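Worksheet: the structure to be examined is printed underneath.
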Amino acid sequence: MSNELVLAVEDLTVSFDGFKAVDKLNLYVEKNELRVIIGPNGAGKTTVLDLICGRTKATSGSIKFKDIELTKYPEYKIVQVGVGRKFQTPSIYENLSVLENLEISFPRGRGVFGSLVFARTQDVVDRIMEIAEMIFLSDQLEVQAGLLSHGQKQWLEIGMLLIQDPELLMLDEPVAGMSVSEREKTAELLNRISQGRSVIVIEHDMEFVKRIAHKVTVLHQGKLLAEGNMDAVQSNPKVIEVYLGH
Amino acid sequence: MMNAFYSKWLGGKRGAIELAVLAAFIFIVMPLWLDIFRLNMVGKYLTYAFAAVGLVMVWGYGGILSLGQGIFFGIGGYCMAMFLKLEASDLASTARQTTPGIPDFMDWNQVTSLPLIWEPFHSLTFTLIAILVLPSVVAYVIGVAMFKRRVGGVYFSIITQAIAAILTILVVGQQGMTGGINGITDLKTLHGWNINTNSAKYILYYLNGALLIGAIVLCKFVLSSKLGRLLLAMRDKEDRVRFSGYDVANFKIFTFSLGAVISAIGGAMFTLQVGFMSPSIIGIVPSIEMVIFAAIGGRMSLVGAVYGTLLVNYGKTAFSESFPSLWLFLMGALFIGVVMVFPNGLAGLYDTYLKGRLEKVMAKLRERGPLRKLSPVKAGVQK
């Protein structure tokens, strides 16, 4: 491989009362790569992200992020080493303003006493402005986040991750509920932010997947079904049978 | 620098006015209006207000309903009572006991030497430190045990209530050590200063008021920091906070401990002003009453909690003097009223009904009177 490996998932298995939601999965993501995971409902896509970010504990197998074993880490440490995760439904602080949402996500003053003395200094403000610009919310900084449109909420959550400058960014259905023009903008945004970091996206919208994916991983019943570029995957008979066929 | 103090510690213009009104009420109106007997009673109620202020932080902002604030109130109160009792049990005044020099209730219970844990309470410095450190250690231990395992909501409430019950049973059961159900009574002097005189009662009342306002200012500072916004964020989307790199449990433990320390200061002031400490003040019922004080005052309002405490206790005194059996029903009705009709308590009622009118009146006054320009505090960059 020419590029350095950021994420190496090996033999990852998780079983809930005997049901294997993820079964001996291997997944490798390189730097600067934008990987899309697709698969029918219940294929284990979201569970894979849950496992990587520590929300669900693996039954067996390993998750290595730049040689750090993540399976033993608590969630907040996984974030601190550089893994960011966006949830399926926009998960933002509705009662706070856009600016405050971004400020809370700024990676400084994460301890109890650090947060007591945290001050909104010029570098924090500059960084917030920069991110707000990227996520198309520059003129909404004072707006209460709960009042944003669904698509803007999705962007805000992406922005909250970007401000932490993670090396691995995981997005669960980032364009769900977005209008066509919002999708265009998001595709552009994702292509831009995958420079210098790795991005994993779960998505159902095949047109959107085509636009952004470098490589596609297809999951089915917790197992890896196929992997490769979009064309190869789409013409794979196994994939057609379980997923694209109907 | 002054601006930072103004906006961070006092809570801006509105916060400063709220505090000034409260201070005037406690320091000027009450002492002028009431005789020392009644004022001492208000002082007692204001010690409960510490617990209510703590609950605003823990429950209102932290989203953790603790039904065991009496535990911490009791720790503070008992620490102070132990010191005062030791001072009251000098050799001269206990000469007629089988074992002179130990508290009277120990003598009655055939205890012949001072238990080891009582020894350090000969020192006032140790006692004052214990009042602050002990409750935070207990709250820390409970917090680590609960929050690190993600125990929350109603389970946390039940466990804190159980701890309050256990503590009461322990205190009652260990009569020789704690004074049992009667508590620790007959307290006389603090470092040689008689606390039962009228002048001492005035001084303690003012000290109590000053500490209470200090506690509120401290809480305002915490709430105005990023920690305060994190607490709001956690109530909204706890997972998002966790996956933004914060150890959520630590913030809950901190808030719970802060509430505990504030309660304990109230407890210590209770002992000083009322002159005794007993298990009836720290158990389940008083712990729940503290929650009602905070709820009626408005669980998101620090100053509201003080008014809520005063109102409920005033009602309790006034009502139970004339209709003793009806009071509990009335308190129950009040609580139901808060839950069903005005969930933000007195503070909420003020915001909806009074605030708008008051502002109109103020605006009119300003038009007529000499125009005073108040420089607005810039909420921008802080250096």
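Using only the alpha carbons of chain A, what is the convex hull's orientation-averaged projected area in square nanometres?
14.2 nm²
For B:Trp9, A:Trp155, which order do you get if you count the other beta carbons within 10 Å of each Cβ and list the fewest first?
Result, fewest neighbours first: B:Trp9, A:Trp155.
If each Cα of chain B is one equal point scatterer, what is log10 of I(q)/I(0) from the Debye formula at q = 0.06, 0.07, 0.14 Å⁻¹?
-0.25, -0.35, -1.27
If you fit an axis through the alpha-carbon atoms of helix B:302-322 and take the longest principal axis of the Cα set of chain B, what angle between them do you get, 0 to 90°, nearest 10?
60 degrees
With Cβ to Cβ distances under 13 Å as the rule, what net charge do the other residues near A:Gly42 carry (K, R +1; D, E -1)?
Within the 13 Å Cβ shell, the charges total +2.
Distance from the Cα centre of the range B:309-348 to that of the range A:81-117, in angstrom?
40 Å
Calculated FRET efficiency, B:Ser113 and B:Ile169, Cβ-Cβ r, R0 25 Å, to nearest 0.05?
Here the calculated transfer efficiency is 0.50.
Using a Förster radius of 51 Å, what is the FRET efficiency between B:Val341 and B:Asn3 based on their Cβ-Cβ separation? Nearest 0.05, please.
Result of the calculation: an efficiency of 0.85.
Decide, for the range B:253-345, between rounded, prolate and oblate: order the square roots of the alpha carbon gyration tensor eigenvalues as a ≥ b ≥ c, take rounded if a/c falls under 1.5, and otherwise choose prolate if a/b is larger than b/c, else oblate.
Oblate.
Each label point is 7 Å from the Cα along the Cα-to-Cβ direction; what then is the distance between the points at B:Ile284 and A:Leu141, in nm?
5.3 nm
Averaged across orientations, what area in nm² does the convex hull of the alpha carbons in the range A:1-60 project?
Orientation-averaged projected area of the Cα hull: 4.5 nm².
If we count other beta carbons within 10 Å of each Cβ, what is the order of A:Arg35, A:Arg197, B:Arg299, A:Arg211, fewest first?
Fewest-to-most Cβ neighbours within 10 Å comes out as A:Arg211, A:Arg197, A:Arg35, B:Arg299.
How much length is gained on full extension from A:Met129 to A:Ala8, taking 0.36 nm per residue of separation minus their Cα-Cα distance?
40.2 nm
Can you classify the range A:61-120 as rounded, prolate or oblate using the Cα gyration tensor, where a ≥ b ≥ c are the square roots of its eigenvalues, rounded means a/c under 1.5, and otherwise it's prolate if a/b beats b/c and oblate if not?
Oblate shape, in that a/c is at least 1.5 and b/c is the bigger or equal ratio.
In the structure displayed, which of A:Lys45/A:Lys185; A:Lys153/A:Lys215; A:Lys215/B:Lys237; A:Lys86/B:Lys148 lie more than 29 Å apart, Cα to Cα?
Table pairs above 29 Å Cα-Cα are A:Lys215/B:Lys237.
Which one of A:Phe113, A:Val175, A:Ala145 has its Cα pushed farthest toward the positive end of the charge dipole of the range A:105-231, where Lys and Arg give +1 and Asp and Glu give -1 at the Cβ?
Highest projection toward the positive end goes to A:Phe113.
Magnitude of the Cβ-charge dipole of chain B, K/R +1 and D/E -1, about the Cα centre, nearest 20 debye?
Charge dipole, chain B, about its Cα centre: 2040 debye, nearest 20.
What lysines sit close enough to B:Lys364 to cross-link, taking a C-alpha to C-alpha distance under 23 Å and skipping anything fewer than 8 places away on the same chain?
In chain and number order, the partners are B:Lys13, B:Lys355, B:Lys373.
How do B:Tyr307, B:Tyr78, A:Tyr73, B:Tyr314 line up, fewest other C-beta atoms within 10 Å first?
Ordered from fewest to most neighbouring Cβ atoms within 10 Å, B:Tyr307, B:Tyr78, A:Tyr73, B:Tyr314 come out as B:Tyr314, A:Tyr73, B:Tyr307, B:Tyr78.
By the scheme Lys and Arg +1, Asp and Glu -1, what is the net charge of all other residues having a beta-carbon under 10 Å from that of A:Leu12?
Local charge sum for A:Leu12: -2.
Taking the Cα centroid of the range B:46-66 and of the range B:7-40, what is the distance between the two, rounded to the nearest whole Å?
19 Å
Could you name the aspartates and glutamates in cross-link range of B:Lys226, using Cα to Cα under 14 Å and dropping any fewer than eight places away on the same chain?
Leaving aside aspartates and glutamates fewer than 8 places away in the same chain, those within reach of B:Lys226 are A:Glu100, A:Glu103.
Between B:Lys355 and B:Ala333, how many nm apart are label points set 7 Å from Cα along the C-beta direction?
Output for this residue pair reads 2.9 nm.
Using only the alpha-carbon atoms of the protein assembly as shown as identical scatterers, what base-10 log of I(q)/I(0) does the Debye formula give at q = 0.10 Å⁻¹?
For the protein assembly as shown, the Cα-only Debye profile gives -0.96.
Would you list which aspartates and glutamates come within 13 Å of A:Lys20, measuring only between C-alpha atoms, while excluding same-chain residues fewer than 8 positions from it?
Answer for A:Lys20, where 13 Å is the Cα cut-off: A:Asp11, listed by chain and number.
Bear in mind these aren't lab numbers, they're just calculated from the coordinates by the rules spelled out. All values reported here derive from a predicted model rather than from experimental measurement. Every residue, glycine among them, receives a Cβ derived from its backbone with ideal geometry; neighbour counts consider all protein chains shown.
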